[in-house]
1. For volume of the Cα convex hull per residue in Å³, one of (1) 131; (2) 149; (3) 120 was computed from the structure I shared and the rest are decoys. Which label?
2. I need the peptides 239-246, 48-55, 125-132 ranked by packing, meaning the mean over residues of other C-beta atoms within 10 angstrom, with the highest value on top.
3. Suppose R0 equals 45 Å; then what is the FRET efficiency for Asp44 and Leu145 from their Cβ-Cβ distance, rounded to the nearest 0.05?
4. Between Leu244 and Lys3, what is the label-point separation in nm under the 7 Å Cα-to-beta-carbon projection?
5. Quick one, could you list the DSSP H helices from the chain stretching 20 Å or more along their long axis (Cα atoms) with average Kyte-Doolittle hydropathy of -1.0 or above?
6. Out of residues 5 or more away from Ala122 or on other chains, whose amide H comes under 5 Å of its own, with H placed 1.01 Å from N in the peptide plane?
7. Going through the cross-link list Lys184/Lys205; Lys205/Lys238; Lys22/Lys192; Lys82/Lys238; Lys21/Lys205, which pairs have a Cα-Cα distance over 30 Å in this structure?
Amino acid sequence: MAKIVASTEDAIRILTISNEKKRNAFTSGMQADLLRHLTDVDNDPQVRAVVITGSGQNSFSSGHDFGSLENTNGLDDSHDLKAYLKPLEMAVPVIAAVNGYCFGAGLILALSCDFRIGSENASFGSPGARLGMLPEGGQLIRLPLLMSRGAAMEFMLSAEPLSASDGYQTGLLNRITKTGEVLKEAMNVASKIARNSPRAVGAIKRGILLGERDGHQGALAYEVQAAKELMLGPDAQKGVQSFLEKREPEFGNR
């Protein structure tokens, strides 16, 4: 059955795109489930990080299951991108553990995550130009930010798949793992994030996204305000105290 499988390990929510028979393509129901699960994370103060991956070892997601979309509300459903863009508005860091094919809607989702860890067999595709269509979901903005401008331009204009190695060299991937180990590595990184102050982590993410949207001056103004608020908050007191006592800090929920 095509679905989004949710599980929790410590303070980390794991969302698995499960539709292996169709390379983890998204049905309309899966789109709705993904949005619901990500919204649930926003409302759960105990969750400190999210990892999104695909079922099996061969696909993160190949995009939309157009056959399923045609059986519901038609191809217009494929333009409902709210679920894939949701990570950009979340306070909690979201990590894409990319295992295999990452095309179409899968690529949009991965780009919306805060960073990406890929397996050796990861492959990224933006086939819009070949199909006579525009690369959607922020690809025109996000790809040049994450990669070099030239690399992003070549990727989209050629419409040729990008390997994990090239993705790492151009900055699309933070790191590469052996096939079958990407979820483990993503969980390791998520655990390091989850042990830190959730207020500080959320503020860092907001500041970076604000800088991308509003530029240097907007980000600097936010930094001044957020730094003061954090300094006077409980997490800063706990962090300093634990440092002086040479122990790991124990922060509260978001």
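1. This structure yields the entry labelled (1).
2. On the way: 239-246: 11.0, 48-55: 25.5, 125-132: 15.1.
Ranking, from highest mean packing down: 48-55, 125-132, 239-246.
3. 0.95
4. Reported label-point gap for Lys3 and Leu244 is 5.1 nm.
5. Correct list, ordered by number: 28-42, 198-231.
6. Sorted by chain and number, the residues that satisfy this are Gly100, Ala164.
7. Flagged as over cut-off: Lys22/Lys192; Lys82/Lys238; Lys21/Lys205.
Read the figures in this text as sums done on the coordinates, not as results from a lab. Please read all numbers here as calculations on a predicted model, not as lab measurements. Reconstructed Cβ throughout: ideal geometry from the backbone, glycine too, with neighbour counts over all protein chains shown.
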